[in-house]
Amino acid sequence: MKIAFVGKGGSGKTTLSALFVRHLAHAGAPVVAVDADINQHLGPALGMDEAGAAALPAMGDRLPLIKDYLRGSNPRIVSAETMIKTTPPGEGSRLLRVREDNPVYDACARPVELDGGAVRLMVTGPFAESDVGVACYHSKTGAVELCLNHLVDGRGEYVVVDMTAGSDSFASGLFTRFDITFLVAEPTRKGVSVYRQYKEYARDFGVVLKVVGNKVQGQDDLDFLRAEVGDDLLVTVGHSDWVRALEKGRPPRFELLEDANRRALRLLQTAVDATYQLRNWERYTRQMVHFHLKNAASWGNARTGADLAAQIDPGFVLGEGAVVRV
């Protein structure tokens with residue numbers, strides 16, 4: 001199951017992403033965690049020290065390896081250089097699975113030990129001064145989109161992505177790559193503004209969107225969120241002494257997290273697991289193709305010097321039963 005956490009900067013989405021990753025790992029579930037935020041705070045939120053987090057390999061720096069591996073023997077993709085962030089898989093492409101070992105994980109993922117289990121952590125890499133005027137941050141998050149396009153995940157497997165703040169993911173099809181999107185919102189007008197943007201744009205793409213109210217201190221805050229987001233409000237969370245201790249570098253054992261917050265995390269998992277029945281791999285593949293054609297026409301063909309529409313395999317549908325021949 002693929003899960004996105006989104007929200008405005010400072011909403012607490014990274015903290016909630018990390019808590020949800022910890023919750024899944026504590027339950028023994030296989031988890032791949034991905035930091036696709038420009039600020040790259042997921043590692044420290046999972047308990048890594050600053051030096052360890054800074055040393056994580058950046059997916060954006062390993063795009064040639066990622067492209068070459070995923071291309072496999074797909075005859076429609078003439079070279080890794082002609083692959084862009086939206087390139088879909090086809091016959092002969094290599095697919096990624098949550099539980100396997102592969103060269104992409106070897107190069108880009110690192111294990112993070114948590115209470116009772118470990119997760120794989122991948123990061124896009126921070127936006128550096130050298131990127132200014134040369135590339136945009138979407139070239140880094142493009143590595144995430146490419147991997148998600150080639151990912152086959154099943155029931156009880158989890159890929160949790162801490163997205164870049166705001167509505168930047170609408171610059172490509174990345175926002176459609178998830179089974180469910182949790183939008184973290186504070187009980188303020190600014191807090192719900194990103195929700196309105198997401199709701200409007202995602203409406204036509206079948207995106208399952210649920211709001212997690214954060215920093216909710218009382219009934220007035222709860223009433224405000226209910227009035228602003230209606231039935232999309234799934235759960236609210238408030239102050240956490242456990243999180244405060246983590247932020248001081250002294251994380252308690254996860255089982256000491258407050259009961260109310262543990263219940264909230266269980267509710268998030270229930271919502272995630274319920275979306276399994278809604279999966280439509282044909283629609284998922286069709287949306288992949290839609291955004292690839294859009295990107296090819298707007299900039300991809302000119303940048304690569306190739307007709308990227310020819311990369312589409314009309315008979316291929318990504319799914320749990322997809323077979324790769326290489």
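The values are calculated or read from the model by the stated rules, or taken from the named source; none is laboratory data. Just so we're clear, the structure is a prediction, and the values are computed from it rather than from any experiment. Methodologically, a virtual Cβ is constructed for each residue, glycine included, from the backbone with ideal geometry; neighbour enumeration extends over all protein chains shown. With ligands, DNA and RNA removed, areas are computed over all heavy atoms of the protein, side chains included. Shrake-Rupley method; radii C 1.70, N 1.55, O 1.52, S 1.80 Å.
Worth pointing out:
- ASP273 versus ASP231: modelled label distance in nm, points set 7 Å from Cα along the beta carbon direction: 2.3
- Couplings for region 221-234, taken from phi via the Karplus curve 6.51 cos²θ - 1.76 cosθ + 1.60 with θ = phi - 60°, read 4, 5, 4, 4, 5, 4, 5, 7, 10, x, 5, 6, 6, 8 Hz in order; Gly and Pro are left as x.
- Sequence-separation-based contact order of the chain, relative, with Cα cut under 8 Å and 6+ spacing, percent: 27
- When the charge dipole of the chain is built from unit charges on Cβ atoms (+1 for Lys and Arg, -1 for Asp and Glu) and taken about the Cα centre, the candidate among LEU121, VAL78, LEU146 whose Cα reaches farthest toward its positive end is VAL78.
- Among the listed pairs LYS2/LYS248; LYS85/LYS248; LYS199/LYS248; LYS67/LYS248; LYS67/LYS215, a Cα-Cα separation exceeding 32 Å is found for LYS85/LYS248; LYS199/LYS248; LYS67/LYS248; LYS67/LYS215.
- Highest-fluctuation residue, THR176, THR87, THR285 considered, GNM on the chain with Cα pairs under 10 Å: THR285
- Highest-MSF residue in the chain out of GLY90, GLY60, GLY238 [GNM, Cα springs under 10 Å]: GLY238
- Under a Gaussian network description of the chain, with springs only between Cα atoms under 10 Å, the residue in SER193, SER17, SER298 that fluctuates furthest is SER298.
- Accessible area of the chain divided out per residue, in Å², using a probe of 1.4 angstrom: 44
- Nonlocal amide H pairs with ALA165, under 5 Å, H built at 1.01 Å: ILE38
- Top positive-direction residue, dipole computed over the chain with Cβ charges, set LEU246, ALA109, GLY206: GLY206
- Hull-based mean projected area of the chain, where the convex hull spans the alpha carbons, in square nanometres: 16.0
- Label-point separation in nm, GLU81 to GLN219, each point 7 Å along Cα→Cβ: 6.7
- Chain lengthening between ASN39 and ALA309 when straightened (0.36 nm per residue, less Cα-Cα): 93.8 nm
- The alpha-carbon of LYS13 sits under 14 angstrom from the alpha-carbons of these aspartates and glutamates, leaving out residues fewer than 8 places away in its chain: ASP35, ASP37, ASP162, GLU186.
- Which of VAL317, MET288, LEU256, positive extreme of dipole for region 233-326 (C-beta unit charges): LEU256
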